[in-house]
Amino acid sequence: MFRSIMTMMALAIGLAGCAGPQYIPLSQENAKKIQSVNARSLVVQDEVIARADPSTVSAALGGGLIPALIDASVTNARQTRLQAAMDAMYESLEDYDFRTIYWPELTRQLHEQYPFKVINVVTTARAMPAKDVLQQVQNLKDGEAELFISTDYYLSTDLRSLNIITASSLWTKGAQQPVYKNFLKYQSAALGGGGEQSAKAWAADGGKPFFDKLKEGIDETLAMLSIDVKENAPASAKADKMDVKFNFGENASANQKTVKGTLVDKRGERVIIRDAAGSLYSLLP
């Protein structure tokens with residue numbers, strides 16, 4: 001399970017162009033060259049998963065086969081416990097597919113809100129090899145651009161928060177790297193006290209709390225996708241600095257992490273901020 005999870009993320013990141021800097025802002029010069037956009041959306045998984053914190057014994061002991069085997073065993077055991085806690089949730093969410101919810105909304109909002117004219121949206125559960133990406137870019141006509149979007153979603157290790165992470169990149173004809181690239185990260189408000197209690201809370205009323213946050217996460221992700229490539233942000237927003245606490249569950253820690261960044265937009269109670277590396281986050285302050 002854990003290996004397949006990491007494979008999903010590797011495929012998602014790879015589609016967006018993993019080489020080079022994590023964040024490439026779209027320059028006005030490149031934006032002026034774009035007249036139309038074709039979009040390709042990758043979502044590998046259908047149902048939500050939880051991600052166990054990986055064991056770090058190998059790193060602490062300086063590597064080696066035995067520590068690596070210990071890490072694999074510990075991580076798999078953690079993942080098994082998480083999946084067991086989610087059994088009740090899966091019963092209420094039976095037969096749902098994230099892609100059937102996400103892709104229609106993605107297509108609609110790209111056509112209606114994306115800063116460039118979107119001609120076509122292709123949806124797929126299979127990643128495109130890097131060589132095929134470059135070949136497709138070579139085949140673009142003048143004024144055309146290709147937008148690659150890969151989306152992954154999961155519950156935090158304590159099962160309290162829904163996280164949606166999207167890697168996006170925009171390519172123009174003949175480019176060897178994208179003219180725009182970034183990561184967009186959404187985290188929901190925490191629900192329940194953690195573990196099986198949170199899993200049952202997500203599943204209540206036929207899964208309504210889960211589907212409500214799923215819809216919110218999709219809306220926030222698509223808002224960030226459009227905001228990130230717009231040429232001009234309000235000057236006042238650029239000047240506002242914020243510290244927002246969050247925990248994507250990437251490391252075992254009882255304390256929330258703090259992301260420090262620049263305020264980009266306010267949407268109801270939520271804020272969109274850009275961290276020092278350029279990534280956009282939609283979080284509750």
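One line per residue, one yes/no per condition, for (1) under 23 Å from the mean Cα position of the chain (by Cα); (2) touching a residue at least 24 places away in the same chain (Cβ under 8 Å); (3) buried (at least 19 other Cβ atoms within 10 Å of the Cβ); (4) in a helix (DSSP H, G or I):
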| residue | (1), (2), (3), (4) |
| --- | --- |
| Val74 | no, no, no, yes |
| Gln79 | yes, yes, yes, yes |
| Gln109 | yes, yes, no, yes |
| Pro115 | yes, yes, no, no |
| Ile119 | no, yes, no, no |
| Gln135 | no, no, no, yes |
| Glu146 | yes, yes, yes, no |
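Inspect all residues belonging to segment 149-166 and state whether any of them is over 23 Å from Asp97 (Cα atoms) and outside any loop (DSSP other than H, G, I, E, B). Looking for residues that are over 23 Å from Asp97 (Cα atoms) and outside any loop (DSSP other than H, G, I, E, B), one finds none in segment 149-166, hence no. If the condition is being in contact with a strand residue (DSSP E or B) (Cβ under 9 Å, 6 or more places away or on another chain) and among the charged types (D, E, K, R), then segment 201-233 contributes Lys213, Glu216, Asp219, Glu220, Asp228. Can you pull out the residues in segment 172-193 that are crowded, with 24+ Cβ neighbours inside 10 Å and of a type in the set (A, V, I, L, M, F, W, C)? Hit for segment 172-193 is Leu184, nothing else.
Looking at the structure I just gave you, is Ala223 at pLDDT 70 or above, assigned to a helix (DSSP H, G or I) and either of a type outside the set (Ser, Thr, Tyr) or in contact with a His (Cβ under 9 Å, 6 or more places away or on another chain) (or both)? Spelling it out, Ala223 is indeed at pLDDT 70 or above, assigned to a helix (DSSP H, G or I) and either of a type outside the set (Ser, Thr, Tyr) or in contact with a His (Cβ under 9 Å, 6 or more places away or on another chain) (or both).
Criterion first (of a type in the set (D, E, K, R), at pLDDT below 90 and in contact with a Pro (Cβ under 7 Å, 6 or more places away or on another chain)) does Lys230 satisfy it? Talk me through it step by step, then tell me what you get.
Values: of a type in the set (D, E, K, R): yes; at pLDDT below 90: yes; in contact with a Pro (Cβ under 7 Å, 6 or more places away or on another chain): yes.
Judged against the criteria, Lys230 is a match.
Table: residues versus (1) out of contact with any helix residue (DSSP H, G or I) (no Cβ under 8 Å at 6 or more places or on another chain); (2) among the small types (Gly, Ala, Ser).
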{"site": "Lys131", "(1), (2)": "yes, no"}
{"site": "Leu140", "(1), (2)": "yes, no"}
{"site": "Thr157", "(1), (2)": "no, no"}
{"site": "Ser161", "(1), (2)": "yes, yes"}
{"site": "Ala167", "(1), (2)": "no, yes"}
{"site": "Gly174", "(1), (2)": "no, yes"}
{"site": "Phe183", "(1), (2)": "yes, no"}
{"site": "Gly193", "(1), (2)": "yes, yes"}
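Only a single criterion out of (1) modelled with pLDDT under 90; (2) within 20 Å of Gln83 (Cα to Cα) is not satisfied by Gln136, namely (2).
Checking each residue in segment 251-285 for being at pLDDT 80 or above and of a type in the set (Ser, Thr, Tyr) picks out Thr262, Ser279, Tyr281, Ser282.
Being of a type outside the set (Ser, Thr, Tyr) and either assigned to a loop (DSSP other than H, G, I, E, B) or under 20 Å from the mean Cα position of the chain (by Cα) (or both) is the filter here, so list the residues in segment 121-132 that pass it. So that I can check it myself, show each step before the final result.
Just the residues of segment 121-132 that are of a type outside the set (Ser, Thr, Tyr), to begin with: 121-122, 125-132.
If the condition is that a residue be of a type outside the set (Ser, Thr, Tyr) and either assigned to a loop (DSSP other than H, G, I, E, B) or under 20 Å from the mean Cα position of the chain (by Cα) (or both), then Val121, Val122, Ala125, Arg126, Ala127, Met128, Pro129, Ala130 are the ones that fit.
The values are calculated or read from the model by the stated rules, or taken from the named source; none is laboratory data. Quick caveat: nothing in here was measured; it's all calculated off a predicted structure. We place every Cβ from the backbone using ideal geometry, glycine too, and count neighbours over all the protein chains shown.
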